[in-house]
Amino acid sequence: MKTTSHSIIDSAVEQYEITKVFGLFSGGHDSLCATHTASSHPAFVGAVHINTGIGVPQTREFVYETCKEHRWELFEYHPPQTYRELVLEYGFPGPPMHTLMYNRLKERCLRQLTKQHKTHRLEHIGLITGVRSEESSRRMR
């Protein structure tokens, strides 16, 4: 039996009692497909764009236009410290600093998202991403 993306989301919603589903929309193809898939789920609330300040303006414009076209509510988050500020403080990031940069630029935004949208600390929300299992091991190298 072939597993579909909708059945995976349904399974997660049921297993973890997820009340709200968000599509994490960076502006790339994979995140567009993931957000589009998430948008058809009844628990879908909107698209989330984490604006790290290092992306190209055309990508952000694509995110804004796509959300408008599909009538997805867009939640945009900015990290408390810019990439420029982090580079000035820590230097340009090499592989050992990937986790620090991720934490500073993205994870803090995800915390803002959950704080804004959870009504109770035990409530579960679902974040649908475009990360594919085939690319994960390559990206972690």
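Values quoted throughout were computed directly from the atomic coordinates according to the rules given, and no laboratory measurement underlies them. For clarity, every value in this text was computed on a predicted model and none was experimentally measured. Neighbour counts run over all protein chains shown; Cβ positions are idealised from the backbone, glycine included.
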- Query: Given the chain, what count of lysine pairs have C-alpha atoms under 21 Å apart, with each pair 8 or more places apart or on different chains?
  - Reply: 6
- Item | Neighbourhood net charge (14 Å Cβ-Cβ; Lys/Arg +1, Asp/Glu -1) for residue 80 | +3
- Item | Sum of side-chain charges, residue 67 neighbourhood, beta-carbon under 12 Å (Lys, Arg +1; Asp, Glu -1) | -2
- Task: Report the paramagnetic label zone for residue 5: residues of the range 36-75 whose backbone N is under 11 Å from a point 7 Å from Cα along the Cα-to-Cβ axis.
- Result: 36-41
- Task: Go ahead and estimate [θ] at 222 nm for the chain from helices alone: -39,500 (n - 2.57) per DSSP H run with n ≥ 4, summed, over the residue count, rounded to 500.
- Result: -14000 deg cm²/dmol
- Projected label distance in nm at residue 97 and residue 125, using a 7 Å step from Cα toward the beta-carbon: 3.0
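For the chain, give the share of DSSP beta bridges that are antiparallel, in percent and rounded to the nearest 5; count only bridges with both residues there.
Working: 0 of 13 bridges.
Here the antiparallel bridges make up roughly 0 percent for the chain.
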- Message: Charges at C-beta only: +1 for Lys and Arg, -1 for Asp and Glu. How large is the resulting dipole of the chain about its Cα centre, in Debye rounded to 20?
- Response: 320
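Find the percent of Cα-Cα distances in the range 27-74 that exceed 17 Å, and round it to a whole number. Spell out each step's value before the answer.
Values: 317 of 1128 pairs.
Cα-Cα pairs in the range 27-74 separated by more than 17 Å: 28 percent.
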- Candidates for Cα Rg over 2.2 N^0.38 Å are (1) 1.28; (2) 1.36; (3) 1.11, and the calculated one carries label (3)
- Could you rank the peptides 3-16, 46-59 by their average count of other C-beta atoms within 10 Å per residue, with the highest value first? 46-59, 3-16
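By average Cβ neighbour count within 10 Å, what is the ranking of 62-69, 118-125 from highest down? Please report the intermediate quantities before stating the final value.
Numbers: 62-69: 15.0, 118-125: 10.6.
My ranking of the peptides, most packed first, is 62-69, 118-125.
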